[in-house]
Amino acid sequence: MEPRADIAVVGLAVMGQNLILNMNDHGFTVVAYNRTTSKVDDFLNNEAKGTNVLGAHSLPEMVALLKKPRRVMLMVKAGAAVDEFIESLLGVLEPGDIIIDGGNSLFEDTIRRVKHVESKGLLYIGTGVSGGEEGARRGPSIMPGGSPAAWPHVKPIFQAISAKVGENVPCCDWVGEGGAGHYVKMTHNGIEYGDMQLICEAYHIMKDGLGMTPDEMSAAFAEWNKGELESYLIEITRDILAKKDDDGAPLVDKILDTAGQKGTGKWTVISSQEFGIPITLIAEAVFSRCVSAMKDARVEAAKVFKSSNPKFAGDRAQWVNDIRKALYASKMISYTQGYMLMRAAAKQYGWNLNYGGIALMWRGGCIIRSVFLGDIKKAFDKNPGLTNLLLDPFFKREIKSCTRSWRKVVSTAIKKGIPVPAFSTALAFFDGIRSERLPANLLQAQRDYFGAHTYERLDKPRGEFFHTNWTGTGGRVASSTYTV
């Protein structure tokens, strides 16, 4: 069998199929394989009919069709299935061949898999692929990491099929070694959680606080999509709010208010806790989905704690503008926190992340794509060492212009009993990060009082720790010092 294929894709769910068709459109010969081989024939006879896509009914047959170095991309469910396929592929591939995981794998699994595959003489890439079904078909954002030696062999394919921005710049570039690609994708998904929650809170305020109809809200989102909030998520929210059911009623009003999640948001929050990075907005977005899932409990509580009139007083148009500014300011906080997290991970794992480049990769193709990311890229291009996005002159000016509206919206929503966990935690973070002094001095005194955990003093050099015998009956021995 003559090797004539450029790459194989394993897994023929919708993402796998669409990536194959995308690659075919760009002149690459692809082998399609699925463990349930009937799906291969079904794909070739339907979606891939008339294309140059090849089919394989076994892994040896698939490998025989591939040019060297062989490139095999797994588009299977994250977890055990990836490990099982890796072991099967190690039995049929040769040193120098490349295994690619394009699923939403946990970055720690990718770190382990890179080491394992490299120990067998092969190369491994763990890559984030964002953009959903449409992105996979027309141009996703692709975030590859893993074995650096593998990148030149997949770069032409990945950059050809990815989304493009500006003057045909691909939304794909090498992220870094080990699990860097999947870590950046995980952070992307965490920010996506935050963006979606913020939009939902804006919708909730407009619906209950301003009494706006779905059509009126759709018009507001359409207007927002012409300015600094222009983005894929604002765009689809506009369309969702305008969609009618078969009876002509707004479809959104008939959808059960319980949200699902697949785990990447949770992973982001867990990682932030390990690094001590306060991604409070993403955490609230994850917990808000958990609260939404408690539907029966909420229905019972609503009977006991009845809401008063949630309507906002004042000019509706002004309120809509204030909500827009609150959303914009909170969005800045979300990305500030996300970039702080990536910087902490890069330090921990020795990754040399290009933060402006990441913003560019997210600028097109992915779910959080927006004009806003262009401003983030400019900020990091000017100052690659920027540790806090809010300290960039552009973002400093922008958030100052939104603060009054932001406080107005959050305080009024709280008074009216409309939950705004993401808006409010974003504001709390902003107030915390701009405070020269916080009440943690009292907290440290409390810790020292009950646990002899020690504290530092303002009138002494950092790194010197002290313990006070607060009661006169305690001992002289202190506990270990604290970690900042």
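The values are calculated or read from the model by the stated rules, or taken from the named source; none is laboratory data. Given the structure is predicted, the values throughout are model-derived calculations rather than measurements. When we count neighbours, we look across all protein chains shown, and the Cβ atoms used for this are built from the backbone with ideal geometry, even at glycine.
All conditions in (1) touching a residue at least 60 places away in the same chain (Cβ under 8 Å); (2) surrounded by 22 or more Cβ atoms within 10 Å (Cβ to Cβ) hold for residue 339, with the sole exception of (1). Among the residues of this structure, residue 248 counts as one that is at pLDDT 95 or above and over 23 Å from residue 363 (Cα atoms). Determine, yes or no, whether residue 49 is within 18 Å of residue 125 (Cα to Cα), part of a loop (DSSP other than H, G, I, E, B) and among the basic types (Lys, Arg). No, not satisfied.
Restricting attention to segment 43-61, and to residues there that are more than 13 Å from residue 20 (Cβ to Cβ) and of a type outside the set (Gly, Ala, Ser), which single residue is surrounded by the most Cβ atoms within 10 Å (Cβ to Cβ)? Selected residue: 59. Within segment 1-13, residues that are within 11 Å of residue 55 (Cα to Cα) sit with their Cβ atoms under 7 Å from residues that are assigned to a strand (DSSP E or B) and hydroxyl-bearing (Ser, Thr, Tyr), at 6+ positions apart or across chains, in these pairs: 8/33; 10/33.
Taking the criterion of being more than 17 Å from residue 128 (Cβ to Cβ), touching a residue at least 60 places away in the same chain (Cβ under 8 Å), touching a helix residue (DSSP H, G or I) at 6+ places or on another chain (Cβ under 9 Å) and among the aliphatic types (A, V, I, L, M), the only residue of segment 54-85 that qualifies is 72.
Look at segment 365-391: where a residue is more than 26 Å from residue 237 (Cβ to Cβ) and a partner is among the polar types (S, T, N, Q) and assigned to a helix (DSSP H, G or I), sitting 6+ places away or on another chain with Cβ atoms under 9 Å, you get 388/336. Inclusion of residue 264 among residues that are out of contact with any Asp or Glu (no Cβ under 9 Å at 6 or more places or on another chain) and touching a residue at least 40 places away in the same chain (Cβ under 8 Å) is not warranted. Looking across segment 421-448, the residues that are surrounded by 15 or more Cβ atoms within 10 Å (Cβ to Cβ) and either at pLDDT below 95 or over 30 Å from residue 204 (Cβ atoms) (or both) come down to 444, 447, 448.
Here residue 348 meets the list (1) surrounded by fewer than 19 Cβ atoms within 10 Å (Cβ to Cβ); (2) in a loop (DSSP other than H, G, I, E, B) almost entirely, failing just condition (2). Meeting the requirement of 2 or more residues that are in contact with a Lys or Arg (Cβ under 8 Å, 6 or more places away or on another chain) and surrounded by 15 or more Cβ atoms within 10 Å (Cβ to Cβ), the strands (runs of 3 or more DSSP E) wholly within segment 66-159 are 98-101, 123-130, 141-146. Can you confirm whether residue 109 is touching a residue at least 12 places away in the same chain (Cβ under 8 Å) and over 16 Å from residue 10 (Cα atoms)? Yes.
Scanning segment 277-324 for residues that are closer than 18 Å to residue 205 by Cα, outside any helix (DSSP H, G or I) and of a type in the set (A, V, I, L, M, F, W, C) returns 312, 313. Answer yes or no: is there a residue in segment 199-221 that is assigned to a helix (DSSP H, G or I), acidic (Asp, Glu) and without any contact (Cβ under 8 Å) to a residue 40 or more places away in the chain. So far as segment 199-221 goes, yes, one or more of its residues are assigned to a helix (DSSP H, G or I), acidic (Asp, Glu) and without any contact (Cβ under 8 Å) to a residue 40 or more places away in the chain.
Across segment 97-112, a minimum of one residue is classified as out of contact with any Leu (no Cβ under 7 Å at 6 or more places or on another chain) and β-branched (Val, Ile, Thr).
Residue-level analysis places residue 437 among those that are among the basic types (Lys, Arg) and outside any helix (DSSP H, G or I).
Contact annotation: residue pairs with Cβ atoms under 7 Å, 6 or more positions apart or on different chains, pairing a residue in segment 279-305 that is at negative phi with a partner that is in a helix (DSSP H, G or I) and of a type in the set (D, E, K, R), are 286/266. Of everything listed in (1) at pLDDT below 95; (2) of a type in the set (A, V, I, L, M); (3) within 24 Å of the chain's Cα centre (by Cα), the single unmet condition for residue 452 is (3). Would you check if there is a residue in segment 431-438 being of a type in the set (A, V, I, L, M), in contact with a helix residue (DSSP H, G or I) (Cβ under 9 Å, 6 or more places away or on another chain) and within 18 Å of residue 322 (Cβ to Cβ)? There is no residue in segment 431-438 that is of a type in the set (A, V, I, L, M), in contact with a helix residue (DSSP H, G or I) (Cβ under 9 Å, 6 or more places away or on another chain) and within 18 Å of residue 322 (Cβ to Cβ).
When 375, 322 are checked against the criterion of being buried (at least 21 other Cβ atoms within 10 Å of the Cβ) and among the acidic types (Asp, Glu), a single residue qualifies: 322. Considering the conditions (1) crowded, with 16+ Cβ neighbours inside 10 Å; (2) modelled with pLDDT of 95 or more, residue 401 is excluded by exactly one of them, (1).
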